Every structure is written in structure tokens, then in C-alpha cells.
Amino acid sequence: MPTTVNAYGAVSATDPLEPLTIERRDLGPHDVLITIDYAGICHSDIHTVRGEWGQIDYPQVVGHEIVGHVAAIGSEVTTHQVGDRVGVGCESGSCGECEQCAKGEEVYCLRGNIQTYGGVDVDGTITQGGYSQATVVHERFVLRVPESLPIEQVAPLLCAGVTLFSPLRHWNAGPGTKVAIIGMGGLGHVGVKLAHALGAEVTVLSRTLAKQEDGLRFGADHYYATSVPETFQKLDSEFDLILSTVSDGIDYNDYVGLLAVNGTLVLLGAPTEPVQVDAMALLAHRRSIAGSANGGIKVTQEMLDFCAEHHILPETELIGADQINEAYERVVSSDVRYRFVIDTSTLA
């Protein structure tokens, strides 16, 4: 029989989130039942429930930054045991057979992956996310959380962490490379820590210097305000890799000009308007613009292990379920340093 659990979710695009009960599917032979301890709040959650990324089905429970413990396993599960510390990120299923899945890049599944919320699950129901007491996920998508990481701070790594780690790895950030990160928010601050630990020379490009002290403390070598026109002149042709964690209010031509020969600007935020750049600025210096999603299971596990090895954690603020709506407003107004994490025991 399905498992009924308490949750906190949206019933419309305009109403505040509220307490709900949802059903988790029966445990299949390769499934893992996870008791959720903590769930991170991502700005994507807010865009989704408010219908800003398109129409969705309600009620909808969001949350794709999930950590907890294994409560039960299916009869053929071999990768996890009851009691294990585990996590679930943005995807909770894929075809498992295509070229990308075979490489551990399930996020780029050629047949379409199953999003942890707002997707179509294997039983045909709409997937419900981590603002809940428990979830059922195929073992392939259950990640091991290293014991050395404080579990109450881990959740944002399952989205923010891998979203930055994946492109840093793909474009070979490390000693001898100059990396710039646009934005010092929930994504950017983790990116600074990761890029620094990888050995790159790290620069933060933020609208103002308001978070400069934090940025330098997290490992940035340099910090510049993009609201100052001289910044773009001083940093012309400077960077091998630029990671953009913001989605709006950017003239991408300004940032393309900061790329060195063979440099790449990677979009991690989702712009609401088409990206327009001067082609000659790309051609003249063999520059590139690319995009990157969060990351497959292989690189996500690598990221968690890397964070354990280098003692990297997001900066978090722990809240109860009754504070979620207030937290949403604070995220929208950038009034958080730097990620909210929900204590899901407050859903009981």
C-alpha cells in the first residue's frame, strides 16, 4: 500500500504554501524509502509553485535538495542499507539505458529524466518533492552522504553544490586557471568555495561590494562591483571560465568581453529572455557561450565526497515548516545568507 506522509505545498500559484498530506508509491524491488530529515529551499522551487516557469498541476510539493536516512529498501536493492545517510537531488529517475545515462549523466537523459518534483513518476503520478516526511526513489538516484558532513547543512549541495561543481570539473578549473563567478547568492557562494578548493584563481563579479567580506572569506582572490563601469575595462580578456549564477539584468556582451582567448561563459541561471551577443566578440578570440544543468549522479557523488574531503559546506539558515512562506519572500528579496534549510521534523 502507498505511504501517506505529511508535507508542505502549494495549492495554487497565488496562495501561500500550506500543510498537506501526500502519498508515496509502493516500494518496488529497486526502490529506497527515505525518511527526510532536511530539505533545502531553491529559488527554482519558488518559480515553479508560482507558475513563473509555466503551468503546473496542483497541489505541488517542491524541494529537490533532500537529505535523510534509509528507512526501507526493495528486495533487489544492493547499493544502500537501512540506516544509511543519503540524499536526493533534482532528478529521481531516467531511462537508464541511453548513452548519457550509461555515462552517469542522467541529467542529460536522451529520453527525458524524471524531475524530483513536477515530473511524471514511473507510476504515472506527478512527482512530489522534499518538503515532506519521506520519499521513494530508485536506488540509482540515491546518493551517499559522507559521515563527516553535518547533515543539517548538506541539502543545498544536492542542487547548488553540483550545479557549480559540474561545470568547474567539465571545464577543468584548477591551478593556473582564472575563474569568475557572477553573483554571490545561494549558488555563487558555494561556487567560490569549490573553485578555491580546486586551486583556481577566483574572482567574484557582484552588482555591489556588499558581500565582499564574505566572498573573500569563502576563498575569492578578487571581488569586483559590476555596477562600476571601470570593472569591465580593468578585467578585459581576463578569465578562462565565467560561471553566471544569475538569470536577469545582464548584458552578456559585457561578460563575453571578459573572456580570454578560448574562454567560456557558462549560463547556470535560466534567462527569461533570449541571450543576444556580438558574434564578432566570440569569433575574434575563439570564445564560447555554454549552458550547464545541475549534474548526473556520478559527478554529484564526486561533489559530495570532495566537499567532505575539503570541509566545504553551504552557509545555511535552519527554519521550521511554518517559516517557509516567509523564507520565500526573503529569497525573492535576497534577504538570506545564503540558503534556507527546512527541518522536516516540524511537519509532524
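Checking each residue of region 266-274 against the condition of being charged (D, E, K, R), farther than 15 Å from PHE165 by Cα, in a loop (DSSP other than H, G, I, E, B) and in contact (Cβ under 8 Å) with a residue 60 or more places away in the chain gives no match. Can we say THR231 is part of a helix (DSSP H, G or I) and in contact with a strand residue (DSSP E or B) (Cβ under 8 Å, 6 or more places away or on another chain)? Against the criterion (part of a helix (DSSP H, G or I) and in contact with a strand residue (DSSP E or B) (Cβ under 8 Å, 6 or more places away or on another chain)), THR231 qualifies. Within region 12-49, the residues that satisfy the criterion of being among the β-branched types (Val, Ile, Thr) and either out of contact with any Lys or Arg (no Cβ under 9 Å at 6 or more places or on another chain) or not assigned by TED's automatic domain parsing to the domain that holds THR78 (or both) are THR21, ILE22, VAL32, ILE34, THR35, ILE36, ILE46, THR48, VAL49. Only a single criterion out of (1) more than 23 Å from LYS298 (Cα to Cα); (2) in contact with a Ser or Thr (Cβ under 9 Å, 6 or more places away or on another chain) is not satisfied by VAL202, namely (2).
Those strands (runs of 3 or more DSSP E) of region 87-204 in which 1 or more residues are crowded, with 22+ Cβ neighbours inside 10 Å and in contact with a His (Cβ under 9 Å, 6 or more places away or on another chain) occupy 91-93, 178-182. Scanning region 300-333 for residues that are over 16 Å from the mean Cα position of the chain (by Cα) and polar (S, T, N, Q) yields GLN323, ASN325, SER333.
Counting only helices (runs of 4 or more DSSP H) wholly contained in region 279-342, the ones carrying 2 or more residues that are in the same structural domain as ALA134 (by TED's automatic domain parsing), over 21 Å from VAL61 (Cα atoms) and charged (D, E, K, R) occupy 297-310. In region 146-159, the qualifying residues are those that are among the hydrophobic types (A, V, I, L, M, F, W, C) and within 16 Å of the chain's Cα centre (by Cα), and the one that is farthest from VAL82 (Cα to Cα) is CYS159. The residue that is surrounded by the fewest Cβ atoms within 10 Å (Cβ to Cβ), among those in region 34-44 that are of a type outside the set (A, V, I, L, M, F, W, C) and closer than 13 Å to ILE66 by Cα, is THR35. Being acidic (Asp, Glu) and over 24 Å from the mean Cα position of the chain (by Cα) is the filter here; which residues of region 19-33 pass it? Listed by number, the residues that qualify are GLU23, ASP26. Which of the residues that make up region 220-265 are touching a Gly at 6+ places or on another chain (Cβ under 7 Å) and without any contact (Cβ under 8 Å) to a residue 24 or more places away in the chain? Listed by number, the residues that qualify are TYR223, ASP236.
The values are calculated or read from the model by the stated rules, or taken from the named source; none is laboratory data. On a predicted model such as this, the values are computed, not experimentally measured, just so you know. Cβ sites come from the backbone with ideal geometry, for glycine too, and all protein chains shown count toward neighbours.
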